[in-house]
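The values are calculated or read from the model by the stated rules, or taken from the named source; none is laboratory data. Keep in mind that this is a model prediction, so the values were computed, not measured. No Cβ is skipped: glycine too gets one built from the backbone with ideal geometry, and neighbour counts run over all protein chains shown.
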Amino acid sequence: MNRSHRIPNLAFLVLVPNIATLFGQLPIPVPGQPPVQPGQPAGRGGRGGRGAQPAEPVKQVVAPIPTAVEVTGPGDFFETFMDDWDDIKKTQIPAKATYAKFNYEAKEYVISGATSAGAPYKTRIVIRKPKDNAKFNGLILAESMHPSGNPWVFHFTQLYAMTTGVIGLEILTTTPAGLAAANPSRYKDLVVPNGAANDILAQAGALIKSDHQDNPLLGLGVRKMILAGSSASAAAAQNYLSNAHMAQRLAGMKPIYDGFMPTSANGQIPAIDVPTILVPTMREVFAGNGTTQPDNDKLRVYEFAGMAHIDSRIAGAYYPDPCKDPISRYPLGAEMAVALDKLFTWVDKGIAPPHADRFYVDFNPDNKPELDRNKGSLFALDEFGNVKGGIRNTYVDVPVKSFHVPDEPASPRISNPHYTIAARRTGGADPDAQLCGLANFEIPLSKEQLKKLYKNPQDYTKKVAQRYDDLVKQGWALPLYREMVIAEASRMTLQ
């Protein structure tokens with residue numbers, strides 16, 4: 001079944017001292033899919049499709065190595081790793097506290113070079129790494145800085161990344177105007193020409209893998225590096241994957257990036273020589289537009305049941321909640337880390353991950369509860385209102401809530417929003433609608449449903465633990481997040 005692929009709008013850039021918050025790109029739904037394996041017809045939900053088409057031969061060149069200089073002033077480093085929200089203590093967690101918790105540090109460098117068209121550029125990279133270099137595990141998670149100013153994939157998967165010793169590499173590939181406005185004395189000389197993103201990604205990656213004296217990670221033992229992204233930064237990764245990966249190479253024509261992981265994204269992945277895991281969320285797929293591309297020997301598409309476009313559980317701008325229905329507390333990071341771990345294992349150890357079911361769609365809006373029908377959802381839903389299919393987790397398999405997409409802004413708008421929302425409510429802008437449109441919302445199950453499912457809170461917690469352990473054995477949950485999930489289950493009162 002053919003469907004048009006539609007390109008998401010770019011995000012608005014919101015930069016304020018010490019925090020950058022997504023008001024994002026309200027994503028235009030783009031194609032998602034059902035459980036389809038290579039060579040098989042469409043599975044339940046009716047979303048089959050063509051495989052990746054062979055790439056046209058390209059002229060390969062060795063990417064030049066840019067110069068790099070560490071930046072320590074003047075003025076303060078502009079921190080783009082946004083504040084987190086502690087849902088237990090009901091407080092914001094600044095980036096410095098997160099780094100201290102994991103014994104990490106952030107270092108800033110300016111890299112300079114020229115694009116393939118000869119235009120000079122000067123941009124920044126931020127390296128987030130263990131303070132103790134011996135804790136580095138040899139794996140790098142690179143991503144283009146999101147236009148909102150955050151390294152979203154590293155941020156979402158922070159527990160996994162910073163516990164296991166992954167280094168985060170954030171690369172500025174878009175306008176530096178927001179940085180320059182925040183600290184002119186430090187960033188006024190940054191220059192990023194239009195259309196330079198692919199060259200910058202290639203050259204920054206080549207620097208990190210080189211033995212050049214300017215390499216900030218020289219001697220640390222980099223083994224593999226992937227390029228990821230979320231939403232707009234996923235679009236940057238997909239653009240590079242499609243148009244630069246096979247052309248810009250290391251010496252010996254080896255790939256600069258060993259794998260790709262676009263998240264909160266969709267679209268067709270071309271045939272390339274390294275693995276890709278594409279992670280569409282419910283936001284990209286709910287209207288029945290899921291990617292129709294089947295898995296192949298270099299591609300997996302992972303759709304996690306319950307996952308939203310953004311992790312409203314921890315994103316500070318959602319507190320106080322500006323949305324009509326309660327924002328989802330689903331732990332997006334715990335599921336995204338499953339995909340990240342499988343990609344790192346694939347590129348580092350050569351172990352291909354399993355295929356997985358896609359979300360089920362039934363293309364019938366009329367059989368949905370009103371709250372889903374009114375939003376145009378075409379998901380096939382279970383008796384509790386959660387999507388069928390996809391990669392499963394305890395939140396949908398041992399339910400106390402159902403997860404729906406998308407949320408809407410409260411009407412009237414709340415009077416005490418997060419200060420970044422308040423700052424954007426000018427000139428007719430509606431940041432509440434933008435932010436809520438990225439989030440899922442959750443609806444508690446009825447007392448009757450809960451009574452049918454669980455004898456008491458202890459029975460619920462026991463079933464969550466049993467299901468989580470089953471998922472760990474199946475490879476669809478990480479032991480690292482077990483304590484968090486069980487602790488959360490134990491706090492449920494089932495009332």
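The set of residues in segment 483-495 that are surrounded by fewer than 18 Cβ atoms within 10 Å (Cβ to Cβ) and within 25 Å of the chain's Cα centre (by Cα) comprises GLU483, MET484, ILE486, ALA487, GLU488.
In segment 433-447, the residues that are within 18 Å of ARG329 (Cβ to Cβ) form Cβ pairs under 6 Å with partners that are among the basic types (Lys, Arg) and part of a strand (DSSP E or B), at six or more places apart or across chains, as follows: GLU442/LYS401; PRO444/LYS401. Among all positions in segment 468-483, there is no residue which is in a helix (DSSP H, G or I), basic (Lys, Arg) and at pLDDT below 95.
Is there a residue in segment 347-354 that is at pLDDT 95 or above, surrounded by 18 or more Cβ atoms within 10 Å (Cβ to Cβ) and farther than 13 Å from ALA305 by Cα? If you could, list the steps in order and put the result at the bottom.
Within segment 347-354, the subset at pLDDT 95 or above is 347-354.
Going one step further and asking which of them are surrounded by 18 or more Cβ atoms within 10 Å (Cβ to Cβ), we end up with 347, 353.
This time we only want the ones that are farther than 13 Å from ALA305 by Cα, so: 347, 353.
Checking segment 347-354: at least one residue is at pLDDT 95 or above, surrounded by 18 or more Cβ atoms within 10 Å (Cβ to Cβ) and farther than 13 Å from ALA305 by Cα.
The condition (being charged (D, E, K, R) and out of contact with any Lys or Arg (no Cβ under 8 Å at 6 or more places or on another chain)) is satisfied by just one residue among GLU143, GLU170: GLU143. Within segment 359-374, one or more residues are at negative phi, in contact with a helix residue (DSSP H, G or I) (Cβ under 7 Å, 6 or more places away or on another chain) and among the basic types (Lys, Arg). Of the residues making up segment 355-367, not a single one is acidic (Asp, Glu), crowded, with 24+ Cβ neighbours inside 10 Å and part of a loop (DSSP other than H, G, I, E, B).
If you take the residues in segment 168-216 that are surrounded by 19 or more Cβ atoms within 10 Å (Cβ to Cβ) and among the basic types (Lys, Arg), which one is nearest to SER230 (Cα to Cα)? Selected residue: LYS209. Residues in segment 390-405 that are under 26 Å from ASP83 (Cβ atoms) and either at pLDDT below 95 or hydrophobic (A, V, I, L, M, F, W, C) (or both): PHE403, VAL405.
Among the residues of segment 64-116 satisfying the criterion of being of a type in the set (A, V, I, L, M, F, W, C) and assigned to a loop (DSSP other than H, G, I, E, B), which is modelled with the highest pLDDT? Step through it out loud before you land on a result.
Taking segment 64-116 as the starting set, the residues that turn out to be of a type in the set (A, V, I, L, M, F, W, C) are 65, 68-69, 71, 77-78, 81-82, 85, 88, 93, 95, 97, 100, 102, 106, 110-111, 114.
Those left that are additionally assigned to a loop (DSSP other than H, G, I, E, B): 65, 77-78, 81-82, 88.
Numbers: ILE65: 98, PHE77: 93, PHE78: 94, PHE81: 94, MET82: 88, ILE88: 81.
Restricting to residues being of a type in the set (A, V, I, L, M, F, W, C) and assigned to a loop (DSSP other than H, G, I, E, B), the top hit is ILE65.
Regarding segment 441-460, can at least one residue be identified that is under 26 Å from THR493 (Cβ atoms), polar (S, T, N, Q) and crowded, with 21+ Cβ neighbours inside 10 Å? Break it down into steps so the answer makes sense when it comes.
Step one: of segment 441-460, the residues under 26 Å from THR493 (Cβ atoms) are 441-460.
Then keep just the ones that are polar (S, T, N, Q); that gives 446, 449, 456, 458.
From what is left, the residues that are crowded, with 21+ Cβ neighbours inside 10 Å are none.
No - not one qualifying residue is present in segment 441-460.
Consider THR394 carefully, then state whether it is in contact with a helix residue (DSSP H, G or I) (Cβ under 9 Å, 6 or more places away or on another chain), among the polar types (S, T, N, Q), farther than 15 Å from TYR318 by Cα and in contact (Cβ under 8 Å) with a residue 24 or more places away in the chain.
Details: in contact with a helix residue (DSSP H, G or I) (Cβ under 9 Å, 6 or more places away or on another chain): yes; among the polar types (S, T, N, Q): yes; farther than 15 Å from TYR318 by Cα: yes; in contact (Cβ under 8 Å) with a residue 24 or more places away in the chain: yes.
Yes; evaluated as a whole, the condition is true for this residue.
LEU435 falls short of the stated requirement of being in a helix (DSSP H, G or I), modelled with pLDDT of 95 or more and within 30 Å of PRO280 (Cβ to Cβ).
When the residues of segment 237-289 are narrowed to those that are aromatic (Phe, Trp, Tyr) and under 24 Å from PRO57 (Cα atoms), which ends up nearest to the chain's Cα centre (by Cα)? Reasoning before the result, please.
Filtering segment 237-289 for residues aromatic (Phe, Trp, Tyr) gives 240, 257, 260, 286.
Then keep just the ones that are under 24 Å from PRO57 (Cα atoms); that gives 240, 257, 260.
Values: TYR240: 17, TYR257: 18, PHE260: 12 Å.
Going through the qualifying residues, I end up with PHE260.
One residue stands out in segment 299-341 among those that are basic (Lys, Arg) and in contact (Cβ under 8 Å) with a residue 60 or more places away in the chain: the one that is surrounded by the most Cβ atoms within 10 Å (Cβ to Cβ), namely ARG313.
Say whether the condition of being of a type in the set (Lys, Arg), under 24 Å from THR72 (Cα atoms) and crowded, with 19+ Cβ neighbours inside 10 Å is met by at least one residue in segment 112-127. Taking every residue of segment 112-127 in turn, at least one turns out to be of a type in the set (Lys, Arg), under 24 Å from THR72 (Cα atoms) and crowded, with 19+ Cβ neighbours inside 10 Å. Only a single item in (1) at pLDDT 95 or above; (2) within 25 Å of the chain's Cα centre (by Cα) is not met by ILE414, and it is number (2).
Checking the stated criteria, ASP325 turns out not to satisfy the condition of being assigned to a loop (DSSP other than H, G, I, E, B) and under 16 Å from the mean Cα position of the chain (by Cα). ALA134 satisfies every condition listed in (1) more than 30 Å from MET307 (Cα to Cα); (2) touching an Asp or Glu at 6+ places or on another chain (Cβ under 9 Å); (3) not hydroxyl-bearing (Ser, Thr, Tyr); (4) not in a loop (DSSP other than H, G, I, E, B) except (2).
The residue that is farthest from LEU172 (Cα to Cα), among those in segment 225-234 that are hydrophobic (A, V, I, L, M, F, W, C) and surrounded by 24 or more Cβ atoms within 10 Å (Cβ to Cβ), is ILE226. Checking each residue in segment 344-364 for being in contact with a Ser or Thr (Cβ under 8 Å, 6 or more places away or on another chain) and touching a residue at least 40 places away in the same chain (Cβ under 8 Å) picks out only PRO353. Taking the criterion of being touching a strand residue (DSSP E or B) at 6+ places or on another chain (Cβ under 6 Å), of a type in the set (Lys, Arg) and assigned to a loop (DSSP other than H, G, I, E, B), no residue of segment 255-311 qualifies.
Report yes if some residue within segment 98-120 is aliphatic (A, V, I, L, M) and touching a His at 6+ places or on another chain (Cβ under 9 Å); otherwise report no. Checked against the condition, which is being aliphatic (A, V, I, L, M) and touching a His at 6+ places or on another chain (Cβ under 9 Å), segment 98-120 yields no hits at all.
Here GLU442 clears all of (1) under 26 Å from PRO320 (Cβ atoms); (2) part of a loop (DSSP other than H, G, I, E, B); (3) of a type in the set (D, E, K, R) except the condition numbered (2).
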